[in-house]
Each structure stands twice: as C-alpha cells, then as structure tokens.
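Participant: This structure is in structure tokens; I'll ask about it shortly.
The values are calculated or read from the model by the stated rules, or taken from the named source; none is laboratory data. Quick caveat: nothing in here was measured; it's all calculated off a predicted structure. Virtual Cβ from ideal backbone geometry, glycine too; neighbours counted across all protein chains shown. Calculation scope for accessible area: heavy atoms of the full protein, side chains included, ligands and nucleic acids excluded. Shrake-Rupley method; radii C 1.70, N 1.55, O 1.52, S 1.80 Å.
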Amino acid sequence: CVEGTKPYDLPEADVYIQKYSCLAGWIDTFEDGFFKLAVWDEIQSLRRGVDSEKGKASEVLARNCTWLLGLSATPIHNYGIEAFNILSLLSPGVLGTREEFLREWGADDKQIKDPVALGSYLREKNIFLRRLKSDVGQQLPVVNTIIEDVAHDAKALRSIEEFARALAMRYELGGFTEKGQAGRELDMLVRQATGVSKAHFIAQYAKIFLESGTPIIMAGWHRAGYDIWLRELAEYKPAMYTGSENPKQKIEQKRRFMEGETNCLIMSL
C-alpha cells in the first residue's frame, strides 16, 4: 500500500495499491515507466478527466503503462460526457476527439442523445465489457422469502395509549423544537411497545427453527425486546450483536455464530 502524496523508494512487490487522492504527487514516478499495468477500481472517480488533478496523474500513468483496466459498477455518475473522459483515458482516440464524440453522440456539451445506442456501440466494439455474476458462475440462488403474520400482545400496546396520546398532542400543538422532541419520543415509544408486544410470539416461532438445528438471525430494535428473546431462548445460548457490545465482544459473538457454537444470532437493526 503506497502511503501519502510524497514519493519515496517503494519496497519490492508484485502489486501496489494507492488512493485516488494520492495520485497527483506521484506523477514523476509514473513517467518513469515503473508500473506496467494500471487498474482503476471505481473508475467513475475519474469522470472529470484531466480537469482534475487525479485525472491528470492518471493520464500520465496510463501513457506509461502497457496494460490498462478500468472497473466500475457505476461507470457514469451524472452526464454522458463522462463516458468519453473515462474511455479516452483507457484507450485514447477510441471515441475520436471530444468534438467528434459530441457531434456523433451528444445532445449538448454534457448529455448524450441516445444512451442506449451508445451503450450498445461500446459493447459491440468490446470497449465496454459487461460481466454479470451469472456470466462468471457467482450468481446466488434466489432468496426464498416467506412472510408470516405473528401474533402480538394487545395489552402491551394498550399500556402506552395515554402517554402516546399526550405526545401526539404535543406534536400537533407544540412549537418547532417541542414538535421535534415529541415526534422522536413517540416514535421510540411505539417502536419499543410494538417490539415488546410481539417478542414472545416471535421467540416461539424462532424455536421451530432452532429445534430443527437451523441457524437463524433475529433482527430487533430495542433492548426490552432483546431481553424477552434472551429469556425465552436461553437454552439455545444466543449470540448478541447489538449496540451494547464493544468491538471485541462483537467479534467473539460473530465467531460463535459462524462456527456453529450457537444457531441463534440476535442483531440490532
């Protein structure tokens, strides 16, 4: 990993990794031809071309490398002219001069009049290579989503009715600051009460999976709900990954779940 913007003697390595923000300081090194292959990940960062310092440095690097590759899942950020800036870096002249490109494809000096046609042209000429996960054997199976309605304890919700009504009145009638505070308190109150009202029933549903040895993740919002889950599912020794654990504890809890010491992971939304 190359550090900073000030050049120094690099240690011997097969691959050097550098931040975009540090490129400008290394132009002299790029001109030496030390690097043979350049790969730009998230290459849309160079969408302004040589109008940016990192774009100027990248142009020098590209000129002195044998192989160039730009990677991105979002190659165009805003305007179609970015396609010209990026591809001209990787293969100068592949889309002609800027004037020729705008005359052929531009609606104005920034936008493209037919983006679909330009995309088709780039792919047909093998300038732009698109690889889906299915093309390279990495496509995961479709997630099997089953939505279940879970019962709740109406008593837990009724217990907050008076307080919720008072907060709602403050929200409706209060000033700007009071409205904001009342709105946040009401949101938290209802979230907690909703979670508590259904926590017992969710725990019973979770037991169906845990008794069959199926690993599950339970996502919740409030400590009061977690406490009910922990009590009801204590025999399964749930792992906890919420706002109450420090980083070291979170790593340990994740390890317990991933290595099968427990089949139940409780996480904060």
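Participant: Out of the range 2-33, which residues are among the aromatic types (Phe, Trp, Tyr) and touching a residue at least 24 places away in the same chain (Cβ under 8 Å)?
Facilitator: Pass one, the range 2-33, residues among the aromatic types (Phe, Trp, Tyr): 8, 16, 20, 26, 30.
Tyr20, Trp26, Phe30 - these are the residues of the range 2-33 that are among the aromatic types (Phe, Trp, Tyr) and touching a residue at least 24 places away in the same chain (Cβ under 8 Å).
Participant: Moving to a separate point now. Looking for whichever is open to solvent by 40 Å² or more (accessible area, probe 1.4 Å), touching a Ser or Thr at 6+ places or on another chain (Cβ under 9 Å) and of a type outside the set (D, E, K, R) here; the options are Ile86, Ile127, Ile76. Which one fits? Break it down stepwise before answering.
Facilitator: Numbers: Ile86 fails: open to solvent by 40 Å² or more (accessible area, probe 1.4 Å); Ile76 fails: touching a Ser or Thr at 6+ places or on another chain (Cβ under 9 Å).
Only one candidate passes the filter, namely Ile127.
Participant: Give all pairs with beta carbons closer than 8 Å in which a residue from the range 112-141 that is farther than 14 Å from Ala73 by Cβ and in contact (Cβ under 8 Å) with a residue 40 or more places away in the chain meets a residue that is open to solvent by 90 Å² or more (accessible area, probe 1.4 Å) and assigned to a loop (DSSP other than H, G, I, E, B); count only pairs at least 6 apart in sequence or on separate chains.
Facilitator: Note: no pairs meet the criteria.
Participant: Kindly provide the set of residues from the range 120-156 that are part of a helix (DSSP H, G or I) and either modelled with pLDDT of 85 or more or more than 30 Å from Ala224 (Cβ to Cβ) (or both), ordered by number. Write out each step before concluding.
Facilitator: Filtering the range 120-156 for residues part of a helix (DSSP H, G or I) gives 120-124, 133-136, 154-156.
Ser120, Tyr121, Leu122, Arg123, Glu124, Lys133, Ser134, Asp135, Val136 - these are the residues of the range 120-156 that are part of a helix (DSSP H, G or I) and either modelled with pLDDT of 85 or more or more than 30 Å from Ala224 (Cβ to Cβ) (or both).
Participant: If you go through the range 218-260, how many residues are exposed (fewer than 12 other Cβ atoms within 10 Å of the Cβ) and touching a strand residue (DSSP E or B) at 6+ places or on another chain (Cβ under 8 Å)?
Facilitator: Residues flagged as exposed (fewer than 12 other Cβ atoms within 10 Å of the Cβ) and touching a strand residue (DSSP E or B) at 6+ places or on another chain (Cβ under 8 Å) within the range 218-260 amount to 2.
Participant: Okay, moving on. Hey, Asn144 hits all of (1) more than 30 Å from Gln192 (Cβ to Cβ); (2) over 28 Å from the mean Cα position of the chain (by Cα); (3) not aromatic (Phe, Trp, Tyr) but one; which does it fall short on?
Facilitator: (2)
Participant: Restricting attention to the range 21-48, which residues are of a type in the set (Gly, Ala, Ser) and under 18 Å from Asn78 (Cα atoms)?
Facilitator: Of the range 21-48, the ones of a type in the set (Gly, Ala, Ser) are 21, 24-25, 33, 38, 45.
Listed by number, the list holds a single entry, Ser45.
Participant: Only one residue in Glu245, Glu235, Glu261 is at pLDDT 90 or above, under 24 Å from His152 (Cα atoms) and among the acidic types (Asp, Glu). Which one?
Facilitator: On the way: Glu245 fails: under 24 Å from His152 (Cα atoms); Glu261 fails: under 24 Å from His152 (Cα atoms).
Exactly one of Glu245, Glu235, Glu261 is at pLDDT 90 or above, under 24 Å from His152 (Cα atoms) and among the acidic types (Asp, Glu), namely Glu235.
Yes/no per residue for (1) under 27 Å from the mean Cα position of the chain (by Cα); (2) modelled with pLDDT of 90 or more:
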| residue | (1), (2) |
| --- | --- |
| His77 | yes, no |
| Gly80 | yes, no |
| Leu87 | yes, yes |
| Leu95 | no, yes |
| Glu99 | no, yes |
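Participant: Scanning the range 95-106 for residues that are out of contact with any Gly (no Cβ under 8 Å at 6 or more places or on another chain) and either part of a loop (DSSP other than H, G, I, E, B) or small (Gly, Ala, Ser) (or both), which turns out most open to solvent (accessible area, probe 1.4 Å)?
Facilitator: Taking the range 95-106 and keeping what is out of contact with any Gly (no Cβ under 8 Å at 6 or more places or on another chain), we get 95-103.
Restricting the remaining residues to those that are either part of a loop (DSSP other than H, G, I, E, B) or small (Gly, Ala, Ser) (or both) gives 95-97.
Numbers: Leu95: 18, Gly96: 24, Thr97: 64 Å².
The selected residue is Thr97.
Participant: Tell me which helices (runs of 4 or more DSSP H) are completely within the range 1-94 and hold 3 or more residues being touching a helix residue (DSSP H, G or I) at 6+ places or on another chain (Cβ under 9 Å) and within 30 Å of Ile112 (Cα to Cα), or say none if there are none. Before the answer, list the steps.
Facilitator: On the way: elements: 27-31, 53-63, 81-90.
In the range 1-94, 53-63, 81-90 are the helices (runs of 4 or more DSSP H) which contain 3 or more residues that are touching a helix residue (DSSP H, G or I) at 6+ places or on another chain (Cβ under 9 Å) and within 30 Å of Ile112 (Cα to Cα).
Participant: So Lys19 fits all but one of (1) open to solvent by less than 20 Å² (accessible area, probe 1.4 Å); (2) over 28 Å from Ala107 (Cα atoms); what number is the exception?
Facilitator: So the condition that Lys19 fails would be (1).
Participant: OK, next. Which one of these is over 22 Å from Leu71 (Cα atoms) and exposed (fewer than 14 other Cβ atoms within 10 Å of the Cβ): Asp109, Asp135?
Facilitator: Values: Asp135 fails: over 22 Å from Leu71 (Cα atoms).
Just a single option satisfies the conditions, and that option is Asp109.
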